[in-house]
Each structure stands twice: as structure tokens, then as C-alpha cells.
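Participant: Have a look at this one.
The values are calculated or read from the model by the stated rules, or taken from the named source; none is laboratory data. Given the structure is predicted, the values throughout are model-derived calculations rather than measurements. We place every Cβ from the backbone using ideal geometry, glycine too, and count neighbours over all the protein chains shown. Surface areas here come from the heavy atoms of the whole protein model, side chains and all, with no ligands, DNA or RNA. Shrake-Rupley method; radii C 1.70, N 1.55, O 1.52, S 1.80 Å.
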Amino acid sequence: KYSCKSKAGHNITGAIKINQDNWLAKNRIFGYTNFSIFAVFDGHGINGHCVSQFLKEHFSTFFTTKDSFFTPIPQQQQHDTLFNEKHIHDKLTNTNFIKQMCSTADDRLRRQKFDSKLSGSTGVFIVHIEDKLICYNIGDSRAIYINSNYEPIQITRDHKPNLPEEQK
């Protein structure tokens, strides 16, 4: 089971801003019972709501398109025979694949009709595949897992510019 809750923040004068949050939840991806994606995007800046909406749509398509999980190789014509949960798991635990996934999103974001120069979004992804959870996060969005005893467990660490690891 999962849930998501969001609310608009306030600007410096105390007025309520546009809610810049977006989220996605996809179950049974590619028909696999044990393959789900959950993500939260928290927009920042004047067009943060546009950025987070774009990321929701981009990754919704990305995670439901088999071609996203393959490097274009001309001689690889029938890649469906190699496409299974193990292949997906291997890709989603590969740092270079994740960097490329984010880089592609960034390149496509720059070509949108809205100005994203001073706007952006955090992103936190939870991938459930087989009996594993894989988590990625960029920024200060947070993922929390509720165990079978209903205890919350924070599984991400907020990225803050004042942390020595972040400054490095």
C-alpha cells in the first residue's frame, strides 16, 4: 500500500504559493507483479510547478517504455528475449544508467517552452522490484518506509548545501 500527500507552501509575505509538488505511482510495470515505481518531485522557483510536472510526465513515460532500458546497438534486433526483471534490476542498480537517465531528463527539460533557468525540482524515486527496494534521491525530498510494525524508517538523507559531503 502507498499514499501521497502534498500541500502548497507560503511565500515570503505569507501568501499561499502554487503547489509545486507532483508525484507518480506505477504498479505492475511491463506486466510484472513485483515491479513498481514511486516518485515525488518538489518544484522550486517561479516555474517549479512546470518542472515538477514535466519530470512526472517524463519519468512516467521512461519507466513504461522498454526501449529506455536498452543501449542502442544496431545488431541487437530482438531485445525482448533479454527483457526480464533481472535485466531491469541490473539497469536500475547501475550508477551510470541512473546518471544517464537523469541527464536525458535534464536535456529534454531545457528544450521545454517554459523557462527553467531559475527553476528546478527535487526528485526521490523508490523502485520496488522483486523483493527489493531501490531508492534514488536528488535534493531535499524524503522517502520514508513504514515497516510491518508501523514504524517509520527514513531511507533517504536530505541533500543540503551546508553538509560537508554536499560541499565536497
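Participant: Search the stretch 110-122 for residues that are of a type in the set (A, V, I, L, M) and pair each with any residue that is in a loop (DSSP other than H, G, I, E, B) when their beta-carbon atoms are under 6 Å apart and the residues are at least 6 apart or on different chains.
Facilitator: So the pair list comes out as 118/45.
Listed here are the residues, each with its yes/no results for (1) acidic (Asp, Glu); (2) open to solvent by 50 Å² or more (accessible area, probe 1.4 Å); (3) in contact with a helix residue (DSSP H, G or I) (Cβ under 7 Å, 6 or more places away or on another chain); (4) assigned to a loop (DSSP other than H, G, I, E, B).
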site	(1), (2), (3), (4)
7	no, yes, no, yes
12	no, yes, no, yes
22	no, no, yes, no
40	no, yes, no, no
49	no, yes, no, no
55	no, no, yes, no
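Participant: Considering every residue within the stretch 140-161, establish whether at least one is outside any loop (DSSP other than H, G, I, E, B) and surrounded by 14 or more Cβ atoms within 10 Å (Cβ to Cβ).
Facilitator: no
Participant: While we're on this one: Would you mind telling me which numbered condition in (1) at pLDDT below 85; (2) open to solvent by less than 80 Å² (accessible area, probe 1.4 Å) residue 165 fails?
Facilitator: Of everything listed in (1) at pLDDT below 85; (2) open to solvent by less than 80 Å² (accessible area, probe 1.4 Å), residue 165 misses just condition (2).
Participant: A follow-up question, please. Spot the failing condition for residue 137; the list is (1) open to solvent by less than 30 Å² (accessible area, probe 1.4 Å); (2) assigned to a strand (DSSP E or B), and only one is missed.
Facilitator: It is condition (1) that residue 137 fails.
Participant: A further question on this structure: Does residue 3 meet the test of being modelled with pLDDT under 90 and closer than 19 Å to residue 133 by Cα?
Facilitator: yes
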